[in-house]
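K.L.:
Take a look at this one; I'll ask things after.
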Amino acid sequence: MKFLNIPKTLRFATATGAYQVEGAWNVSDKGVSMWDNVIHSKPENVVDRTTADVACDSYHQYKRDVEMLVELGVEYYRFSIAWSRLLPTGFSNIISEDGSNYYNNLINELIKNNIKPMVTLHHWDLPYVFEKMGGWTNEAVIDYFEEYARVVFELYGDRVKEWITFNEPQVLCLFDVFAVDSGFASETLVSGVSDYLCLHHSIKAHARVYHLYNNTFKPTQKGKLGTAPYTVWGESVSDSEEDIANAEKLMQFFVGWYTHPIYSDEGDYPPIVRKVIDENSARQGFKVSRLPRFTPEEVKYIRGTFDFMGFNFYTAVVPNTDRLDPKKAPSFENDLGFSMLQKDEWELSLITWLRVYPQGFRKITNWMVKQYGNHEIYILENGFATKRGLNDDNRIKYYTEYLTSLLEAIDDGCNITLYTAWTLMDNFEWTLGYLNPMGFYEVDFDSPNKTRVPRKSAKFYRQLIETRKLKVAD
Ligand code: GAL
């Protein structure tokens, strides 16, 4: 055994998302989110036909959650606010007293225990009222998101100093492309059209909220704001020029699509994404490209709207060698031009899309730095699904290998200052229900208090944070 030193500059966190843990879906005056709606109207969309109506019941058990965070020794807790709990109608003219108290209590409990809150404004649970209006394909939602954010900053900005606007908006906008999760909550998906509109508006909404915070709240509240893009490592199947180019194209379609307008110096969509979708649209007989355009003013307004370069990272994919016909029906996949697969030799977790590819961490981080510059980097999610049970050695192995790769990226000169493990405790994994536990703590979903028990990996994380050393094989 040998030990790798963890630099002092790297801080540790763990995370959850409101819909996945809170439960209390209709307690008090809480409004309905798009997830509440889909889970009740189409129960068959969830593989085990469960719901998040109660989930981990963090709405009532939040003090236990904080106790666990203390046990782990993390410096930060990343959680999200359920927009429909704080603003039951979705609109900012009515603020729920119980909703606002809940987040107040959670934040105060964290601070009392020396844990810094890191708050995500939007972790996929859009109020259903907006879904009925077309979700993020409707530009008007941007204004309502800004008003929601204003309420949040006013209520909690005195104590919350780290903000994240969107969690993985690419996934939110693409849902059915991630075929394993077909039946995600959006009712408005028209692939190759609405996904581009949805992300376009999410990017504008992110920038709007950045400027709101920057101009109105940051001068006194002095926090930082960023976003949590989905990332994946696109590995080339061979050394051929074409395969390497396709892997890069995949990165630009899945990652750059959201990050380029925000993180790059030049702003706007990645040139290859622009070109391919413009060309395919023309070939298909569209008079106007299916990929919306930012005006030059918008490009300037959007680029640079981050105080840290955040991203989530779990796994890798390779571009398949098939070639999809660009004249076929519009779709994100046809624009990408090939299907994707994962190599059999990469160890599989319990989640079909989550195969182990630790070296991808170093690669994706260096890729981000090369694309966008050596900014301060926050890793906002990374984790693994195992069977139920407390002896989760394969989770420890996953974290050890990924963190080794992350330390290599730091050695390369990448300025990573925050690492967030997904997740604090087992929770509702969207359309995969409760079949894929990912937590440091196992949750007994049949017990009245949703009893949480630490797994072996909880001890691993605590020791890592305490000793600032990562134990690795020779
Ligand atoms: C992310 C998502 C989380 C969680 C995680 C594990 O994409 O942000 O909410 O579900 O995947 O699958």
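The values are calculated or read from the model by the stated rules, or taken from the named source; none is laboratory data. Note that this is a predicted model, so its numbers are computed, not measured. Positions of Cβ are backbone-derived with ideal geometry, glycine not excepted, and every protein chain shown enters the neighbour counts. Quick note on the areas: whole protein, heavy atoms, side chains included, nothing else; ligands and nucleic acids left out. Shrake-Rupley method; radii C 1.70, N 1.55, O 1.52, S 1.80 Å.
K.L.:
Enumerate the calculated ³J(HN,Hα) couplings along the stretch 73-87 in order (Karplus 6.51 cos²θ - 1.76 cosθ + 1.60, θ = phi - 60°), each rounded to whole Hz, writing x wherever the residue is Gly or Pro.
P.N.:
Each residue's phi maps through the Karplus curve to give x, 6, 8, 10, 10, 8, 9, 10, 9, 7, 3, 6, 7, 6, 10 Hz.
K.L.:
Roughly what percent of Cα-Cα pairs across the stretch 222-337 reach past 24 Å?
P.N.:
Values: 2286 of 6670 pairs.
Cα-Cα pairs in the stretch 222-337 separated by more than 24 Å: 34 percent.
K.L.:
With no other cysteine's Cβ closer than 4.7 Å, which Cys residues of the chain count as lacking a disulfide-compatible partner?
P.N.:
56, 414
K.L.:
What whole number of Å gives the distance from the Cα centroid of the stretch 88-123 to the Cα centroid of the stretch 398-421?
P.N.:
30 Å
K.L.:
Let me ask another. I'd like the Karplus ³J(HN,Hα) series for the stretch 231-245: coefficients 6.51, -1.76, 1.60, θ = phi - 60°, whole numbers in Hz, and an x wherever there's a Gly or Pro.
P.N.:
Using θ = phi - 60°, the values come out as 10, 8, 8, x, 9, 6, 6, 8, 8, 5, 4, 5, 5, 5, 5 Hz.
K.L.:
Could you give me the ³J(HN,Hα) list for the stretch 22-30, computed from phi with Karplus coefficients 6.51, -1.76, 1.60 and θ = phi - 60°, whole Hz, x at Gly and Pro?
P.N.:
Working through the residues one at a time gives 5, x, 6, 5, 10, 6, 6, 9, 4 Hz.
K.L.:
Say R0 is 51 Å: what FRET efficiency, to the nearest 0.05, do residue 469 and residue 300 get from their beta-carbon distance?
P.N.:
On the way: r = 45 Å, r/R0 = 0.88.
That pair, residue 469 with residue 300, gives E of 0.70.
K.L.:
I'd like the accessible area for residue 39: 1.4 Å probe, protein heavy atoms, all chains in place, Å² to the nearest 10.
P.N.:
We get 10 Å² for residue 39.
K.L.:
Also: Considering only DSSP states other than H, G, I, E and B, which chymotrypsin sites (Phe, Trp or Tyr not before Pro) in the stretch 55-119 qualify as loop sites with at most 16 other Cβ atoms within 10 Å? Walk me through the numbers before you get to the answer.
P.N.:
On the way: sites: 59, 62, 76, 77, 79, 83, 91, 102, 103; in loops: 91.
Sparse-neighbourhood loop chymotrypsin sites (Phe, Trp or Tyr not before Pro): 91.
K.L.:
Regarding the stretch 304-420, what whole-number volume in Å³ per residue does the convex hull of its Cα atoms give?
P.N.:
Cα convex hull per residue, to the nearest whole number: 148 Å³.
K.L.:
In the stretch 42-137, what trypsin sites (Lys or Arg not before Pro) fall in a loop by DSSP, with at most 14 other Cβ atoms inside 10 Å? Spell out each step's value before the answer.
P.N.:
Values: sites: 49, 63, 64, 78, 85, 112, 132; in loops: 49.
Listed in order of number, the matching sites are 49.
K.L.:
Using only alpha carbon positions, build the gyration tensor of the chain, then give the equivalent ellipsoid semi-axes as the square roots of 5 times its eigenvalues, largest first, whole angstrom. Don't skip to the end; give the middle numbers.
P.N.:
Values: eigenvalues 191, 152, 102 Å².
In descending order, the three semi-axes are 31, 28, 23 Å.
K.L.:
Excluding ligands and nucleic acids, what accessible area in Å² is computed for residue 367 using a 1.4 Å probe, to the nearest 10?
P.N.:
Per-residue accessible area (residue 367): approximately 20 Å².
K.L.:
Separate question: How much accessible surface area, in Å² rounded to 10, belongs to the heavy atoms of residue 472 with a 1.4 Å probe?
P.N.:
10 Å²
K.L.:
Please compute the per residue accessible area over the chain with all protein chains in place, 1.4 Å probe, rounded to a whole number of Å². All intermediate terms of the calculation are to be shown ahead of the outcome.
P.N.:
Working: 17670 Å² over 474 residues.
Spelled out: the 1.4 Å probe surface of the chain, per residue, equals 37 Å².
K.L.:
In addition: Taking 28 Å as the cut-off for C-alpha to C-alpha distance, list the pairs among 112/459; 116/469; 132/387; 132/224; 363/397; 224/300 that go past it.
P.N.:
On the way: 112/459 23 Å; 116/469 22 Å; 132/387 37 Å; 132/224 32 Å; 363/397 19 Å; 224/300 20 Å.
Exceeds cut-off: 132/387; 132/224.
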